[in-house]
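First the structure, in the form of structure tokens, and then the observations on it.
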Amino acid sequence: MTMDPLLLTGEVDGATDRLLRTAAAFDGADLAAASLLPGWSRGHVLAHLARNADGFVNLLTAARTGEPIPMYASATARDADIAAGAPRPPDAHLDDLRRSADRFTEAVAAMPVEAWAATVQTRRGPWPAAMLVWGRLREIEVHHVDLDAGYRPADWPEAFGHRLLHEVAGDLAGRTDVPPMVLRFDGSRHELVVGDRATAPTVTGAAPEIAAWLIGRSPGTMLAVTPDGPLPQPPEWI
């Protein structure tokens, strides 16, 4: 499960193509309809994905040049840009998505090898530049599901589902507000342990389905829990 940014660029291209096909089918009413994110229409999600691409371009530029360029000018500016972009007509959304994706691709191609070792400042703190391509891939795949337009966690490429599950489980293992759980996947051949195994129920299912449940994109109806009982309640994904 590589996180090598240069090896992940093809996966970003594939995810972007799938997103663009979904977006190309939207009319004005589709864009105004609610997404799976509370308070956001599909137009909000698409506007966010375009501005997110530009935010990652800013971080890649910071890594390449050494300048302290933030991902967004401010949280207020980010929110304002999304709100302003949400009500645009379908053609404007599609053009913005394409152009911002192209800018991201160009920024990745411009990175010298040594720049990937830099640390950049994201909205939630410092992050290795080498993780930026993975970060963009994650944004596209998760928010594609949020569009509520037929793309489901089961449609995620297998490698993406596994990477996301390992990342989220690793993050949860470092938190104190997480109930213990054993996550068993790949036909019960592999498992990840969060918290005290002795008191943990075992949650079994496909890796993408477990990952989607952990990040609040699925109620977990496709998962099984042993011993019988309710699924644990994972905290909000941040």
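The values are calculated or read from the model by the stated rules, or taken from the named source; none is laboratory data. It should be emphasised that the depicted structure is a prediction, and the values quoted were computed from it without experimental measurement. When we count neighbours, we look across all protein chains shown, and the Cβ atoms used for this are built from the backbone with ideal geometry, even at glycine. These accessible areas exclude ligands, DNA and RNA; they are computed on the full protein's heavy atoms, side chains included. Shrake-Rupley method; radii C 1.70, N 1.55, O 1.52, S 1.80 Å.
Entry note: the stretch 1-107 has Rg to Rh equal to 0.99, where both radii use alpha-carbon atoms and Rh is the Kirkwood radius. The spacing between the stretch 21-74 and the stretch 129-191, judged by their C-alpha centroids, is 20 Å. You can think of it this way: the chain between residue 110 and residue 77 has 9.2 nm of extra reach, that is 0.36 nm per residue less the Cα-Cα gap.
Figure note: 166, 93 ranked by solvent-accessible area, largest first, 1.4 Å probe, ligands and nucleic acids not counted: 166, 93. With θ taken as phi - 60° and the Karplus curve 6.51 cos²θ - 1.76 cosθ + 1.60 applied, the whole-hertz 3J(HN,Hα) list for the stretch 21-35 is 5, 5, 5, 5, 8, 7, 9, x, 5, 4, 5, 7, 5, 5, 8 Hz, x standing for glycine and proline. Annotation: extensible slack from residue 32 through residue 222 equals 65.4 nm (criterion: 0.36 nm per residue apart, minus Cα-Cα distance). Residue by residue, the stretch 93-102 carries 3J(HN,Hα) couplings of 4, 5, 5, 5, 4, 5, 5, 5, 5, 5 Hz when phi is fed to the Karplus relation 6.51 cos²θ - 1.76 cosθ + 1.60 (θ = phi - 60°); x denotes Gly or Pro.
Computed from label points 7 Å out along Cα-Cβ, the spacing between residue 123 and residue 95 is 2.6 nm. Evaluating 6.51 cos²θ - 1.76 cosθ + 1.60 at θ = phi - 60° for every residue in the stretch 4-17, the Karplus couplings come out as 4, x, 6, 7, 8, 4, x, 5, 5, 4, x, 5, 5, 4 Hz, glycine and proline recorded as x. Candidates 47, 34, 15 compared by Cα position along the dipole of the stretch 1-53: farthest toward the positive end lies 34, with charges placed on Cβ. Between helix 42-65 and the chain there is an angle of about 80 degrees, using the helix long axis and the longest principal axis of the Cα atoms. Between residue 25 and residue 175, the FRET efficiency from the beta-carbon distance, with R0 = 30 Å, is close to 0.20. Springs join every pair of Cα atoms under 10 Å in this Gaussian network model of the chain, and among 105, 221, 122 the largest mean-square fluctuation is at 221.
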